[in-house]
1. (1) at pLDDT 90 or above; (2) over 29 Å from Lys154 (Cβ atoms); (3) not aliphatic (A, V, I, L, M): which one isn't true of Gly96, the others all being true?
2. Pairs, please: C-beta under 6 Å, at least 6 apart or cross-chain, first residue part of a loop (DSSP other than H, G, I, E, B) and in the range 1-29, second among the polar types (S, T, N, Q)?
3. Taking strands (runs of 3 or more DSSP E) that fall entirely within the range 125-234, which contain at least 2 residues that are within 26 Å of the chain's Cα centre (by Cα)?
4. Those residues that are at negative phi and either small (Gly, Ala, Ser) or without any contact (Cβ under 8 Å) to a residue 12 or more places away in the chain (or both), I need them from the range 103-125; list them, please.
5. If Tyr60 meets every condition in (1) touching a residue at least 60 places away in the same chain (Cβ under 8 Å); (2) more than 10 Å from ligand 2 (Cβ to nearest atom); (3) part of a helix (DSSP H, G or I) apart from one, which number is that one?
6. Just wondering, is there one or more residues in the range 115-122 that are away from ligand 2 (no atom under 13 Å from the Cβ), of a type in the set (S, T, N, Q) and either over 21 Å from Glu140 (Cα atoms) or buried (at least 18 other Cβ atoms within 10 Å of the Cβ) (or both)?
7. Kindly indicate which of Leu28, Leu19 is surrounded by 13 or more Cβ atoms within 10 Å (Cβ to Cβ), away from ligand 1 (no atom under 15 Å from the Cβ) and farther than 20 Å from Lys117 by Cα.
Amino acid sequence: MGTLSFDLDDVVTKTCAGLIVLPREHELVTRKARPIEEMHRIGKSACDQCSYCTEFCPRYLLGYQVMPHKVMRSLGFSTSGADLWNQWAELCCACGLCTLYACPEDLYPKEACDQAKHDMRAAGIKFEQTKEVEIHPMKEGRRVPLSMLRKRLKIEEYEREAPFADRKLQPPGVRLRLLQHTGVPARPVVRVGQKVGVGDPVATVEGDQLGANVHASVAGTVKTISDTFVEIEA
Ligand code: SF4
Ligand code: SF4
C-alpha cells in the first residue's frame, strides 16, 4: 500500500507504519516505479481474465463487490480504457495483494482499480453495493501466509532485526509537514521569526474539517513557512 521514496531526507509522518529499504534495482522498486500508462498498456495486452486477482482479493472474500479482473477488462475496451472503467473497483482498499501476489502474469490490477476510483470520483460516479455483504465460503482457505508473501516479494534476504534505539537526538532544525495525516493539510498559525517552545501549535485545522494540528517538536525560531511545511531552527 505504501509509496516509493528515493529521498534520504524524507521524514517519518503519522501515516508511516513502516519502512522497507531495498536496492534501487530490486523488482519491487522497478515494478512500483513503472509509469501508470505502461502498466495499463501491459494489462490491456496480457490479462487473460483468469480472475486470480479477484479470487484472492481480501475485500471480495469479505463479501464486497470488488472484482479487479473486471476492472482489468475495461482496459481492453478502448485505447486507454479510461472512459469505460468498470465500477467494481470502488470498494477496493488498495492493499495491493492482487498486483504483488495473486496475478500469475505480474500485471497491475490494483493500479487499474486506483485509476478507476480516481476517474469515477472525478466524473461524479458513485458506486453502491447492491448485494448483501456475505463472507465467501473460501475466505479462510485463501488467506495468504506472510512467509509466502515475503518470498513472492523477494524481500526475505533484507529482513533484519531493527530494535528501538533510545538515543537523544538534537537536530539543528526540523521541517514539520502540514499534511502528515488523513484529511486536509493544517494551516500555519505562526510567522517567520516567531519563537516557539516544544509542543506549541504551529499549524491547525480549521472548523470541523478532518485533519490534525501540528506542534513544534523542538524549541526554536520559525525559519521558513512554505505550502507544505514549517521549518524551525532549534
Ligand atoms: S490475475 Fe492477472 S491475468 Fe488474471 S485476471 Fe487478474 S490481472 Fe488478469
Ligand atoms: S488491491 Fe484492491 S482489488 Fe486488489 S486485492 Fe487489494 S482490495 Fe482487492
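1. (2)
2. Thr13/Gln180; Lys14/Gln180
3. Working: elements: 173-177, 201-204, 220-225, 229-233.
Hits in the range 125-234: 173-177, 201-204, 229-233.
4. Ala112, Ala116, His118, Arg121, Ala122, Ala123
5. If we test Tyr60 against (1) touching a residue at least 60 places away in the same chain (Cβ under 8 Å); (2) more than 10 Å from ligand 2 (Cβ to nearest atom); (3) part of a helix (DSSP H, G or I), just (2) comes out false.
6. Here is the first cut: in the range 115-122, the residues away from ligand 2 (no atom under 13 Å from the Cβ) are 118-122.
Filter once more, keeping what is of a type in the set (S, T, N, Q): none.
No, the conditions are met nowhere in the range 115-122.
7. Working: Leu19 fails: surrounded by 13 or more Cβ atoms within 10 Å (Cβ to Cβ).
Matching residue, one of Leu28, Leu19: Leu28.
Here's the yes/no breakdown for (1) closer than 17 Å to Lys14 by Cβ; (2) hydrophobic (A, V, I, L, M, F, W, C); (3) surrounded by 13 or more Cβ atoms within 10 Å (Cβ to Cβ):
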| residue | (1), (2), (3) |
| --- | --- |
| Leu153 | no, yes, yes |
| Pro171 | no, no, no |
| Thr182 | yes, no, no |
| Pro185 | yes, no, yes |
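The values are calculated or read from the model by the stated rules, or taken from the named source; none is laboratory data. In this text, all values refer to a predicted model and were calculated from it rather than measured experimentally. Counting neighbours? That spans all protein chains shown, and the Cβs are built from the backbone with ideal geometry, glycine included.
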